[in-house]
Amino acid sequence: MPDFRAFCTPATAEPVEITLSPDESHHLVTVNRAQVDDTVVAFDGRGTEWICRLASDRKNAAVLQVRFKQKITPLPYEITLGQALPKGQFMDAIIRKATELGAARIVPLESERTQVHLEGDRSDKKIEKWQHAALEAAKQCGNAFVPALLPLQSAGAFIEGAKGYDLKLIASLQPGAKSLKTVLANFQATQNRAPKKVLWLVGPEGDFTPAEMSQAKSAGFEPITLGPLVLRCETAAAYALSVLSYELQNSV
């Protein structure tokens, strides 16, 4: 059985004991049924882990006794997912899959065809819910790095302001879209190295509009085909991140 995992934000960098929050305590003790003396890996979501012994199984304030600390090496590349909001609960699933696939950050976007519009408190509550989904996915898959979840913003503004990336990609159903392998090979040939920071844009149901696609091309995005079939947006996001992660892992 794998070790239990719990998220924490210790007050010091070298804690001797860690008292978990009520939510994390409940999840560890009540939901996962951890018992005193069980090994628990506490992590801060930024690459630090503390290997601990469960010293107290209080359901609202579990105490971990630290055995040793370790730093996890981050991936040699960073992938940012810019995801136009889908309908229903699909964004939760996308965030979970993005976390499992090692995305460094996720940017929720409102595009012209987005059918879900969030404002004010509703946006804040959604962001909080998505952050919780990312954290739960990180605990489940053993990822020591929880992806940063940026505030909701318009797709147009994000496209125009996207700077500092080696490659900017946009999933496209339009004719003329290139394969990911071709674009990565071209980058390798011209830069003599693999890209380190890559941005993927994935549209909502119905994809980005022609105007948004044109704007993205003008801003330096490469239209990338995800194959001959039309994928649901949540499938497209997982597919895009999977193939990109695979190619980058094998080019390092």
In this structure, is Lys168 surrounded by 19 or more Cβ atoms within 10 Å (Cβ to Cβ) and among the basic types (Lys, Arg)?
yes
One residue is enough: does region 77-87 have a residue meeting the conditions surrounded by fewer than 21 Cβ atoms within 10 Å (Cβ to Cβ) and at pLDDT below 95?
yes
In region 1-23, what residues are farther than 16 Å from Arg53 by Cβ, in contact with a strand residue (DSSP E or B) (Cβ under 8 Å, 6 or more places away or on another chain) and of a type in the set (D, E, K, R)?
Glu14
Quick one: which of Ile127, Ile159, Ile106 is under 26 Å from Thr48 (Cα atoms), surrounded by 15 or more Cβ atoms within 10 Å (Cβ to Cβ) and modelled with pLDDT of 95 or more?
Ile106
Can you confirm whether Lys97 is basic (Lys, Arg) and either part of a strand (DSSP E or B) or in the same structural domain as Val36 (by TED's automatic domain parsing) (or both)?
no
Check on Ala104, more than 20 Å from Ala162 (Cβ to Cβ), hydrophobic (A, V, I, L, M, F, W, C) and not assigned by TED's automatic domain parsing to the domain that holds Val31:
no
Tell me, yes or no, whether region 55-67 has at least one residue that is under 21 Å from Gln140 (Cβ atoms) and either within 27 Å of the chain's Cα centre (by Cα) or assigned by TED's automatic domain parsing to the domain that holds Gly142 (or both).
no
Within region 50-65, does at least one residue satisfy the condition of being in contact with a helix residue (DSSP H, G or I) (Cβ under 9 Å, 6 or more places away or on another chain), over 27 Å from Ser251 (Cβ atoms), surrounded by fewer than 21 Cβ atoms within 10 Å (Cβ to Cβ) and basic (Lys, Arg)?
yes
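The values are calculated or read from the model by the stated rules, or taken from the named source; none is laboratory data. As the structure is a prediction and not an experimental result, all values here were calculated from the model. Every residue, glycine as well, gets a Cβ built from its backbone with ideal geometry; the counts of neighbours run over all protein chains shown.
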